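Chemist: Handing you this structure, nothing more for now.
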Amino acid sequence: MKMILGRKIGMIQSFLEDGTRIPVTVVEVQPNVVLENKTQEKDGYVATKVGYMDIEEKKLNKPELGFFKKNNQKPCKYVKELRDVTGYNVGDLIDLNVFTSGDLVDVQAITKGKGFTGAIKRWNFKVGPLGHGAGYPHRYQGSISFGRGGSQGQRVPKGQRMSGHYGHELVTIANLTVVHTELDKNLMLIKGSVPGPVDSLLVIKTTTKPKKHIENFPKLSDPVAIAQMMKEKEEQARLAAEARKVEAQQKAEAEKEAKKQAMIAKQKAAEEKAKAAAEKNAEAKEGDK
């Protein structure tokens, strides 16, 4: 089995050669140094203990420093056993070469902690009636009793879904695809999201529920070409916005001019009407004389 430790950097969007946009998680995978080998004869199981990321000696206690000095290795921030990983000697480095584009992997990490939460949020229960006449059972979890009393009714059954600590648990997301690896930058791009907050430790391993292996996964487009394309799109959007703004100004000025002309025509018609009425009155007065 192939396995390696990494650090979550964050998520971005990327484009394949056919123009498809995909969500991508960026993972920093520095070389893992082999610290110890566990054998079936001596330890009862097979594993390889590795270290990830350097750390200052003053941040470790004496037993931890003694372990690294025993193996003549630099202190590491994270030390973890990779089960069923063999073929390495103490001091060897495990790098990104173990994975290639198109590999299917499982990513394991500790999820974000949400603190103490109610049963509605923690277990996705349905809320109660929201009317005032219902009282206040809007976000109550309801009855948790079972049995017919006695010892059965005086305890909470194991696994009962109640309020409590939400999150901060070990989660594995299976069958994620390795999109791209950059050995010079120690970066791995994985399609989709992975558990854990930013800067959290990830365990990346060969999937235990394998689907069809993707031999020729579509490659990412040239980032320079993508940047140029995005820049051109932004410029086109800016020009279109300016054109819409000019068109709106012209339309407003035309409406203003039309209202002005209508007002002038209305005033002119009123003046002509007043003039005709005055002439009619003058003719009437002359007729009376």
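The values are calculated or read from the model by the stated rules, or taken from the named source; none is laboratory data. For clarity, every value in this text was computed on a predicted model and none was experimentally measured. Note that we place each Cβ from the backbone using ideal geometry, even for glycine, and neighbour counts take in every protein chain shown. Calculation scope for accessible area: heavy atoms of the full protein, side chains included, ligands and nucleic acids excluded. Shrake-Rupley method; radii C 1.70, N 1.55, O 1.52, S 1.80 Å.
Chemist: Only one of these is among the polar types (S, T, N, Q), in contact (Cβ under 8 Å) with a residue 60 or more places away in the chain and open to solvent by less than 70 Å² (accessible area, probe 1.4 Å): 181, 117, 100. Name it. First the steps, then the outcome.
Modeler: On the way: 117 fails: in contact (Cβ under 8 Å) with a residue 60 or more places away in the chain; 100 fails: open to solvent by less than 70 Å² (accessible area, probe 1.4 Å).
From the options 181, 117, 100, the qualifying one is 181.
Chemist: Regarding residue 246, is this residue over 30 Å from residue 52 (Cα atoms) and either outside any strand (DSSP E or B) or at pLDDT 80 or above (or both)? First the steps, then the outcome.
Modeler: Working: over 30 Å from residue 52 (Cα atoms): yes; either outside any strand (DSSP E or B) or at pLDDT 80 or above (or both): yes.
It is true that residue 246 is over 30 Å from residue 52 (Cα atoms) and either outside any strand (DSSP E or B) or at pLDDT 80 or above (or both).
Chemist: Cβ-Cβ distance below 8 Å, separation of 6 or more or different chains: which pairs start in the range 64-76 with a residue that is closer than 14 Å to residue 33 by Cα and end on one that is aromatic (Phe, Trp, Tyr)?
Modeler: Matching pairs, first to second residue: 74/68; 75/68; 76/52; 76/68.
Chemist: Spot the failing condition for residue 145; the list is (1) open to solvent by 70 Å² or more (accessible area, probe 1.4 Å); (2) in contact (Cβ under 8 Å) with a residue 60 or more places away in the chain, and only one is missed.
Modeler: Looking at each condition in turn, residue 145 falls short on (2).
Chemist: With over 57 Å from the mean Cα position of the chain (by Cα), of a type in the set (D, E, K, R) and modelled with pLDDT of 90 or more as the only criterion, which of 256, 266, 280 stands out? It would help to see each step written out before you state the result.
Modeler: Details: 256 fails: over 57 Å from the mean Cα position of the chain (by Cα); 280 fails: modelled with pLDDT of 90 or more.
Result of the check over 256, 266, 280: 266.
Chemist: Quick one: residue 107 ticks every box in (1) of a type outside the set (D, E, K, R); (2) under 30 Å from residue 211 (Cβ atoms); (3) open to solvent by 40 Å² or more (accessible area, probe 1.4 Å); (4) touching a Pro at 6+ places or on another chain (Cβ under 8 Å) except a single one, so which number is it?
Modeler: Of the numbered conditions (1) of a type outside the set (D, E, K, R); (2) under 30 Å from residue 211 (Cβ atoms); (3) open to solvent by 40 Å² or more (accessible area, probe 1.4 Å); (4) touching a Pro at 6+ places or on another chain (Cβ under 8 Å), the odd one out for residue 107 is (3).
Chemist: If you don't mind, another one. What pairs can you find where one residue is in the range 152-173 and among the acidic types (Asp, Glu), the other is assigned to a loop (DSSP other than H, G, I, E, B) and open to solvent by less than 70 Å² (accessible area, probe 1.4 Å), and their Cβ atoms are less than 7 Å apart, with a gap of 6+ or different chains?
Modeler: Taking only residues 6 or more apart or on different chains, the pairs are 169/111.
Results for (1) farther than 30 Å from residue 191 by Cα; (2) in a loop (DSSP other than H, G, I, E, B); (3) not aliphatic (A, V, I, L, M), shown as yes or no for each residue.
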| site | (1), (2), (3) |
| --- | --- |
| 114 | no, no, yes |
| 120 | yes, no, no |
| 126 | yes, yes, yes |
| 129 | yes, yes, yes |
| 147 | yes, yes, yes |
| 156 | yes, yes, no |
| 166 | no, no, yes |
| 171 | no, no, no |
| 174 | no, no, no |
